[in-house]
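The values are calculated or read from the model by the stated rules, or taken from the named source; none is laboratory data. Treat the numbers as computed from the prediction; the structure is a model and nothing was measured. Methodologically, a virtual Cβ is constructed for each residue, glycine included, from the backbone with ideal geometry; neighbour enumeration extends over all protein chains shown.
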Amino acid sequence: MTLSEVPVRTPVTVTALTMPGEEARRLTELGLRHGVRVEVLRRAPLGGPLTLRVGTDLLALRRLQATQVLVATEVS
């Protein structure tokens, strides 16, 4: 599943970043890396960015970028 498909307020874990190197490096530096817990807090209307909680930080991510972040749902 990709981050763009995750329902709001559903915790997931990042499994891979599939975008080009420089873009993946930037997101990794912002804390979005393999094994990190992420939660989608909001979806902006009309295809706008997603607001994410990454650890204790908030991050806005373009929808196109979110389609390139693979995630797995957490098992309860």
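Filter segment 50-76 for residues that are within 15 Å of residue 10 (Cβ to Cβ) and of a type in the set (Gly, Ala, Ser) and give the result.
66, 72, 76
Run down 46, 64, 30 and say which single residue is in contact (Cβ under 8 Å) with a residue 12 or more places away in the chain and not aromatic (Phe, Trp, Tyr).
On the way: 46 fails: in contact (Cβ under 8 Å) with a residue 12 or more places away in the chain; 64 fails: in contact (Cβ under 8 Å) with a residue 12 or more places away in the chain.
Being in contact (Cβ under 8 Å) with a residue 12 or more places away in the chain and not aromatic (Phe, Trp, Tyr) holds for just one of 46, 64, 30, which is 30.
From (1) modelled with pLDDT under 95; (2) in contact with a Gly (Cβ under 9 Å, 6 or more places away or on another chain); (3) not hydrophobic (A, V, I, L, M, F, W, C), pick out the condition that doesn't hold for residue 15.
Among (1) modelled with pLDDT under 95; (2) in contact with a Gly (Cβ under 9 Å, 6 or more places away or on another chain); (3) not hydrophobic (A, V, I, L, M, F, W, C), the lone unmet condition for residue 15 is (1).
Of all residues in segment 43-62 being buried (at least 16 other Cβ atoms within 10 Å of the Cβ) and in contact with a Gly (Cβ under 8 Å, 6 or more places away or on another chain), which is farthest from residue 74 (Cα to Cα)?
So the residue we want is 59.
Got a number for residues in segment 46-71 being within 18 Å of residue 19 (Cβ to Cβ) and assigned to a strand (DSSP E or B)?
Final tally of qualifying residues: 9.
Considering 24, 16, which residue is within 20 Å of residue 72 (Cα to Cα) and assigned to a helix (DSSP H, G or I)?
Details: 16 fails: assigned to a helix (DSSP H, G or I).
Exactly one residue qualifies, and that residue is 24.
Test residue 40 against the stated conditions and say whether it is touching a helix residue (DSSP H, G or I) at 6+ places or on another chain (Cβ under 8 Å), surrounded by 11 or more Cβ atoms within 10 Å (Cβ to Cβ) and under 15 Å from residue 12 (Cα atoms).
yes
In segment 27-45, what count of residues is obtained for those that are within 17 Å of residue 67 (Cβ to Cβ), within 11 Å of the chain's Cα centre (by Cα) and assigned to a strand (DSSP E or B)?
Here the count works out to 2.
With the structure loaded, tell me whether residue 24 is modelled with pLDDT under 95, within 14 Å of residue 4 (Cβ to Cβ) and surrounded by 11 or more Cβ atoms within 10 Å (Cβ to Cβ) or whether it fails that test.
So residue 24 does not fit the description; no.
Quick one: would you say residue 23 is without any contact (Cβ under 8 Å) to a residue 24 or more places away in the chain and of a type in the set (Asp, Glu)? Walk me through how you get there before you give the answer.
Details: without any contact (Cβ under 8 Å) to a residue 24 or more places away in the chain: no; of a type in the set (Asp, Glu): yes.
Against the criterion (without any contact (Cβ under 8 Å) to a residue 24 or more places away in the chain and of a type in the set (Asp, Glu)), residue 23 does not qualify.
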